[in-house]
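S.K.: Attaching a single structure in structure tokens format; questions to follow.
The values are calculated or read from the model by the stated rules, or taken from the named source; none is laboratory data. No experiment lies behind these values; they were computed from the predicted model shown. Using ideal geometry, Cβ is built from the backbone for each residue, glycine included, and neighbour counts are taken over all protein chains shown. Quick note on the areas: whole protein, heavy atoms, side chains included, nothing else; ligands and nucleic acids left out. Shrake-Rupley method; radii C 1.70, N 1.55, O 1.52, S 1.80 Å.
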Amino acid sequence: MKKLQLFIGSILATFVIMAGLGMLASLKELEQGKGYDLPVFTSQQAVKGLSEEMLVDQLEAAKHSFPLSRAHYSSNGSLSLDIKVAASIMTPSLLYEELYHWLNFSFVEMNNVDRLQLRIVVDDRKAHKKQILLGLDARKDQVAEAHLQELKAASSELSKTTEQALRLTYTTMWHKKFAPAGQ
């Protein structure tokens, strides 16, 4: 009888300890999320930060149009991305829309990105080579909402002030591919 009581007592003690450890783990998770608003309770989207450990998951969740071929985040607030596009792309508006998306993600949705370096790379499978089509080196403190809105609405060309603020670099390939008719 004593052995049965000892056995039942040890099983109960094990359950109590397991439940206590589970509660401690959930308290730790709550403590780590402290300081962030949950979107359920606020009218604004929660602002969060990128981390090197979760970079791939965070970028995948960003719902982008074109695939990423390279990504790197540095703890000094610099995010570098290479975006892969097919050689058959014919309209710059799709590319400007993608730039808008990544600028908005980096500077509005994330609270710890101060610089975005982005290259749009053409993956020409027939020629078996990759070429840079467009480069961007934007700093958060130089990008205004007006620049983002112009980028979002652009169909062919951007203003010089927006190009300078975003530090856009167009390659020869861009000019050949998207040159206005008659040039």
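S.K.: Being in contact with a Leu (Cβ under 6 Å, 6 or more places away or on another chain) and open to solvent by 40 Å² or more (accessible area, probe 1.4 Å) is the filter here; which residues of region 69-93 pass it?
M.R.: A71
S.K.: Whether any residue in region 123-131 is at positive phi, modelled with pLDDT under 95 and open to solvent by less than 50 Å² (accessible area, probe 1.4 Å) is what I want to check. Steps first, please.
M.R.: Initially, region 123-131 is screened for residues at positive phi, giving 128.
Subset that is modelled with pLDDT under 95: 128.
Checking which are open to solvent by less than 50 Å² (accessible area, probe 1.4 Å) leaves us with none.
No - not one qualifying residue is present in region 123-131.
S.K.: Select from region 94-122 the residues that are open to solvent by 50 Å² or more (accessible area, probe 1.4 Å) and aliphatic (A, V, I, L, M) and write down the one among them that is farthest from K48 (Cα to Cα).
M.R.: L94
S.K.: Next question. Can you confirm whether A144 is over 27 Å from D57 (Cβ atoms), of a type in the set (G, A, S) and within 20 Å of the chain's Cα centre (by Cα)?
M.R.: On the way: over 27 Å from D57 (Cβ atoms): yes; of a type in the set (G, A, S): yes; within 20 Å of the chain's Cα centre (by Cα): yes.
So A144 passes the test.
S.K.: Has region 136-154 got at least one residue that is open to solvent by less than 40 Å² (accessible area, probe 1.4 Å) and either aromatic (F, W, Y) or modelled with pLDDT under 90 (or both)? Write out each step before concluding.
M.R.: If we filter region 136-154 for residues that are open to solvent by less than 40 Å² (accessible area, probe 1.4 Å), which is where we start, we get 136-138, 143, 147-148, 151, 154.
Now restrict to residues that are either aromatic (F, W, Y) or modelled with pLDDT under 90 (or both): 154.
Checked against the condition, which is being open to solvent by less than 40 Å² (accessible area, probe 1.4 Å) and either aromatic (F, W, Y) or modelled with pLDDT under 90 (or both), region 136-154 yields at least one hit.
S.K.: Go through (1) over 22 Å from W174 (Cβ atoms); (2) assigned to a strand (DSSP E or B) for R70 and report which single condition fails.
M.R.: Result: R70 passes all but (1).
S.K.: Please identify the pairs in which a residue from region 149-169 that is under 17 Å from T91 (Cβ atoms) has its Cβ atom under 6 Å from the Cβ atom of a residue that is part of a helix (DSSP H, G or I) and of a type in the set (F, W, Y), counting only partners at least 6 apart or on another chain.
M.R.: L151/Y96; L151/Y100; K152/Y100; A154/Y96
S.K.: Sticking with this structure for a sec: Looking only at residues in region 59-68 that are surrounded by 14 or more Cβ atoms within 10 Å (Cβ to Cβ) and touching a residue at least 24 places away in the same chain (Cβ under 8 Å), which one is farthest from Q131 (Cα to Cα)? Working first, answer last.
M.R.: Filtering region 59-68 for residues surrounded by 14 or more Cβ atoms within 10 Å (Cβ to Cβ) gives 59, 62, 64, 66, 68.
From the residues that got through so far, the ones that are touching a residue at least 24 places away in the same chain (Cβ under 8 Å) too are 62, 64, 66.
Working: A62: 25, H64: 21, F66: 16 Å.
It comes out as A62.
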